[in-house]
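Visitor: I am attaching a structure below and will ask some questions about it afterwards.
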Amino acid sequence: MEEKQTSPIHKISRIISEFFSPLVSLFLFFIYKSTQEYSLKESITYFLPILLIIIVPVIAWLIWNVKTGRYTNMDVSNRVQRKTFYIFAAITVIVYLLFHYIKNGSIDFLMLFILILLFALQISNFFIKSSMHTSFNVFVAALFYSSNWKMGLVWLGIATIVGITRVILKRHTVKEVFMGAGIAFLISFLYLYCNIHFHP
């Protein structure tokens, strides 16, 4: 599906798409959240387990599967290949949720909704290859919105741009981008509603 392109618009789209990948966007939000709400020690205590249990294993999984030829690229653009990626990513999040619950006696609300988003995308993948880049950036916009509505709107704009780049790069069709955005809007609405009413 991906084609080699040399035009400026494709080069810019590739840079934007690669920079605002799901893991990078979540990482940037966690940095923002840490600087706004936690001390340095609290930030390290909160973020280090996420880094070691979720982010590092997922990156290693992607690199290993690309090198062995199981995945075409780091984006996992192939719909069939995505099945194992969603399963692995969900397992890492479940392991983290168990770790957090055992350590703190509570469920990490944010990571629970990331798990729900992964399940929703996995179910969607049986019917249509929803844009994971678009979906996660829309959800990150909701995360920012819960802390700072202006940042949330800015990130929603970024999510829109990312969705456009996915179409330009021929990684997704317009329908797949809208499906990814639609799933994320639904999960984001539930997250914001629950965050306001049940998790102040």
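Bear in mind these aren't lab numbers, they're just calculated from the coordinates by the rules spelled out. Just so it is clear, the model here is predicted, and its values are computed rather than measured. Cβ coordinates were reconstructed from backbone atoms using ideal geometry, including for glycine residues, and neighbour counts include every protein chain displayed.
Visitor: Work out which helices of the chain, taken as complete DSSP H runs, extend at least 18 Å along their axis over the Cα atoms and score a mean Kyte-Doolittle of -0.5 or more, then list them. Intermediate results must be reported in sequence, preceding the final value.
Guide: Working: long enough: 22-37 (22 Å, 0.77); 79-104 (37 Å, 0.69); 109-125 (24 Å, 2.39); 132-147 (23 Å, 0.94); 149-168 (29 Å, 1.46); 174-197 (34 Å, 1.31).
Flagged H segments are 22-37, 79-104, 109-125, 132-147, 149-168, 174-197.
Visitor: Taking 20 °C and 1.002 mPa s as the conditions, I'd like the Stokes-Einstein D for the chain in µm²/s, using the Kirkwood hydrodynamic radius from alpha carbon pairs.
Guide: Working: Rh = 17.4 Å.
Rounded, D is 123 µm²/s.
Visitor: Would you calculate, for the chain, the mean residue ellipticity at 222 nm contributed by helices, counting each DSSP H stretch of 4 or more residues as -39,500 (n - 2.57) and dividing by all residues, to the nearest 500? Let's see the in-between values first.
Guide: Details: 9 runs with 154 residues, N = 200.
Estimated from H runs of four or more residues: -26000 deg cm²/dmol.
Visitor: Considering the dipole of the chain built from charges on the beta carbon (Lys and Arg +1, Asp and Glu -1) around the Cα centre, which of Phe178, Asn148, Asn73 is farthest to its positive end?
Guide: Asn73
Visitor: I need to check one value: relative contact order of the chain, counting alpha carbon pairs closer than 8 Å and at least 6 residues apart, in percent.
Guide: With pairs under 8 Å counted, the relative contact order is 26 percent.
Visitor: Still on this structure: Using 0.36 nm times the number of residues separating Ala60 and His197, minus their current alpha carbon distance, what extension gain do you get? Present the calculation step by step, with values, prior to reporting the outcome.
Guide: Numbers: separation 137, 0.36 × 137 = 49.32 nm, distance 3.73 nm.
Gain in length upon complete extension: 45.6 nm.
Visitor: Next question. Just want the ordering: Glu18, Glu42, Glu176, from fewest to most Cβ atoms lying within 10 Å of their own Cβ. Walk me through the intermediate numbers first.
Guide: Working: Glu18 14, Glu42 11, Glu176 21.
By the 10 Å Cβ count, ascending, the order reads Glu42, Glu18, Glu176.
Visitor: Express in nm, to one decimal, how much length is gained between Arg70 and Leu28 on full extension, taking 0.36 nm for each residue of separation and deducting their alpha carbon distance.
Guide: Numbers: separation 42, 0.36 × 42 = 15.12 nm, distance 2.85 nm.
Extending this stretch completely gives an extra 12.3 nm.
Visitor: List the lysines whose Cα lies under 25 Å from the Cα of Lys103, skipping any in the same chain that are fewer than 8 positions away.
Guide: Lys103 reaches Lys33, Lys41.
Visitor: If you average the alpha carbon positions of the stretch 1-54 and of the stretch 86-120, how far apart do those two centres end up, in angstrom?
Guide: So the separation of the two Cα centres works out to 18 Å.
Visitor: Could I ask something else about it? Please give the net charge around Ser124, taking every other residue with its beta carbon less than 14 angstrom from that of Ser124, where Lys and Arg add +1 and Asp and Glu add -1. All intermediate terms of the calculation are to be shown ahead of the outcome.
Guide: Values: positive: Arg79, Arg82, Lys83, Lys129, Lys175; negative: Glu176.
Around Ser124, the surrounding residues sum to +4.
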